[in-house]
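What follows is one structure encoded as structure tokens, with my remarks underneath.
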Amino acid sequence: MPYLAGVWDGSKKEKRKGYWILEIVGADIDGYELTPLYSELYSQKAQGFRSENFQIFKGIDNIINRIGTKGIYVIDRGGDRKVIFVGLLERSLRFVIRMLGKRLLIVEDGKKLKTKSIAYRCSCPYQVELCIRDKDDTLKKKKVHLGSVRVKFPFFNNQWFYLLIIKGKGKEPIVLLTTEEIKDEKDALRVLEIYLTRWRCEESFRFIKQGYNLEDIRLLTYEGL
């Protein structure tokens, strides 16, 4: 098959040959319906391929051309890239992105600190109970603590953002950077719900992959794929 590229097999924890798929799904935090918005298969080895970032914004621009800038874009740790932040801000898009922990941000006293350091320093006064899916696929209730900090980017320092810090789910705090204002417990819970809705989208990705047996498809042309 043409243009086979390296892909990560999450179930077997190894790199294999295959293709990448960009999926963008719409969801409502107050409902259970998921709306597929954009899907494209691509290969880094194909003629005309530019970059993964280009593919992401190609999909986002496709959606903006149809529904405008409404909605909040939620991306997991792969979205913690300067080019992603700049691209979203240039398009005036709202977002919630999970941080890796190494990015330098400016806090309110003017200091530059790594995201991870900010998270450990942050007090988390709000408490909420979550249903967490364990490795054995069972649901368990767990109490987590929430807090927030105002921050700015060194490369985009004319706008304040908020970090939502979530402690108690694992050994390391979960850190979400968002354009949404967090002033109280209600705001913090809303941003957390927005991020957790992304987990429902993951279920739809899994269904598309398994329900349509994508890994069993064999075609002789890239156009056919």
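The values are calculated or read from the model by the stated rules, or taken from the named source; none is laboratory data. On a predicted model such as this, the values are computed, not experimentally measured, just so you know. Cβ coordinates were reconstructed from backbone atoms using ideal geometry, including for glycine residues, and neighbour counts include every protein chain displayed. Ligands, DNA and RNA are stripped out before the accessible areas are found, and what is left, the full protein with its side chains, is counted by its heavy atoms. Shrake-Rupley method; radii C 1.70, N 1.55, O 1.52, S 1.80 Å.
Taking all protein chains in place and a 1.4 Å probe, what share, in percent, of the accessible surface of the chain do carbon and sulfur account for? Provide the component values of the computation, followed by the final result.
Details: 6890 of 14000 Å².
Here it works out to 49 percent.
Which value, in debye to the nearest 20, describes the size of the charge dipole of the chain about its Cα centre when Lys and Arg Cβ atoms bear +1, Asp and Glu Cβ atoms bear -1, and nothing else is charged? Spell out each step's value before the answer.
Working: 42 positive and 30 negative charges, 205 e Å.
That gives a dipole near 980 debye.
Can you give me the C-alpha center-to-center distance between the range 1-45 and the range 48-109, rounded to a whole angstrom?
Centre-to-centre (Cα) distance: 17 Å.
Once phi is turned into θ = phi - 60°, what whole-Hz ³J(HN,Hα) does the Karplus curve with 6.51, -1.76 and 1.60 give for every residue of the range 153-158, x standing for Gly and Pro?
Result, ordered by residue: 7, x, 9, 8, 8, 9 Hz.
Determine the equivalent ellipsoid of the range 129-225 by diagonalising the alpha-carbon gyration tensor, then write out the semi-axes as square roots of 5 times the eigenvalues, largest first, rounded to whole Å.
Numbers: eigenvalues 234, 97, 23 Å².
So the three semi-axes of the range 129-225 are 34, 22, 11 Å.
Would you work out which of 124, 64, 99 lies farthest towards the positive end of the dipole of the range 53-210, given +1 charges on the beta-carbon of Lys and Arg and -1 on that of Asp and Glu, about the Cα centre?
99
Hey, what angle do you get for helix 52-67 against the long axis of the chain, alpha-carbon based, 0 to 90 degrees rounded to 10?
80
Any chance you could check the Cα centroid distance between the range 110-128 and the range 198-225 for me, in angstrom?
Taking the Cα centre of each part, the range 110-128 and the range 198-225 sit 38 Å apart.
Excluding residue 90 itself, what net charge comes from residues whose Cβ is under 15 Å from its Cβ, given Lys and Arg +1 and Asp and Glu -1? Before the final figure, lay out each step's value.
Numbers: positive: 58, 81, 82, 91, 94; negative: 61.
Neighbourhood net charge equals +4.
Specify the angular offset, from 0 to 90 degrees and rounded to the nearest 10, of the alpha carbon long axis of helix 185-211 from the longest principal axis of the alpha carbons in the chain.
10
In the chain, which longest range has no trypsin sites (Lys or Arg not before Pro) that are both DSSP loop (not H, G, I, E or B) and surrounded by at most 14 other Cβ atoms within 10 Å? Walk me through the intermediate numbers first.
Values: sites that count: 12, 13, 45, 50, 70, 91, 102, 111, 135, 169, 171, 183, 218.
Counting at most 14 other Cβ atoms within 10 Å as exposed, the longest clean stretch of the chain is 184-217.
Report the relative contact order of the range 26-133, percent, no decimals, based on alpha-carbon pairs under 8 angstrom and at least 6 residues apart.
On the way: 80 pairs, mean separation 16.2, N = 108.
Across the range 26-133, relative contact order equals 15 percent.
Could you give the longest part of the chain that holds none of the chymotrypsin sites (Phe, Trp or Tyr not before Pro) found in DSSP loops with at most 12 neighbouring Cβ atoms within 10 Å? It would help to have the intermediate numbers written out before the result.
Working: sites that count: 32, 155, 212.
Formally, the longest exposed-site-free interval is 33-154.
With +1 on each Lys and Arg Cβ and -1 on each Asp and Glu Cβ, how big is the dipole of the range 26-159 about its Cα centre, in debye rounded to the nearest 20? All intermediate terms of the calculation are to be shown ahead of the outcome.
Working: 26 positive and 15 negative charges, 146 e Å.
In debye, rounded to 20, the range 26-159 gives about 700.
Where does the chain land at 222 nm, in deg cm²/dmol rounded to the nearest 500, when only DSSP H runs of n ≥ 4 count, each adding -39500 (n - 2.57), divided by all residues?
Result for the chain, helices only: -8500 deg cm²/dmol.
Tabulate in residue order the Karplus-calculated ³J(HN,Hα) for the range 30-44, using 6.51 cos²θ - 1.76 cosθ + 1.60 with θ = phi - 60°, rounded to whole Hz; enter x for Gly and Pro.
Rounded to whole hertz, the list is 9, x, 10, 6, 10, 10, x, 10, 7, 8, 8, 8, 8, 10, 5.
Counting other Cβ atoms within 10 Å, which GluC sites (Glu not before Pro) in the range 1-60 have at most 13 and lie in a DSSP loop? Let's see the in-between values first.
Values: sites: 14, 23, 33, 40, 52; in loops: 33.
Loop-located and lightly packed - 33.
Note the count of lysine pairs whose C-alpha atoms are less than 21 angstrom apart in the range 1-82, limited to pairs 8 or more residues apart or on different chains. Walk me through the numbers on the way to the answer.
Numbers: 15/45; 17/45; 45/58; 58/70; 58/82.
Here the count comes out as 5.
All other residues with a Cβ under 15 Å from the Cβ of residue 17 taken together, and with Lys, Arg as +1 and Asp, Glu as -1, what is their net charge?
Details: positive: 12, 15, 16, 45, 218; negative: 9, 14, 215, 216.
Net of charged neighbours comes to +1.
Could you list which residues have their amide H under 5 Å from that of residue 37, counting only those 5 or more apart in sequence or on another chain, with H placed in the peptide plane?
24, 25, 26
So what is the relative contact order of the chain, in percent, for Cα pairs below 8 Å that sit 6 or more residues apart? Kindly include the intermediate steps, with their values, before the conclusion.
Working: 347 pairs, mean separation 36.5, N = 225.
Relative contact order, the chain: 16 percent.
Hey, what's the Cα Rg ratio for the range 72-171 versus the globular rule of thumb, 2.2 N^0.38 Å?
This ratio for the range 72-171 stands at 1.19.
Radius of gyration and Dmax for the chain's Cα atoms, expressed in Å?
Rg then Dmax for the chain, in Å: 18.9, 59.
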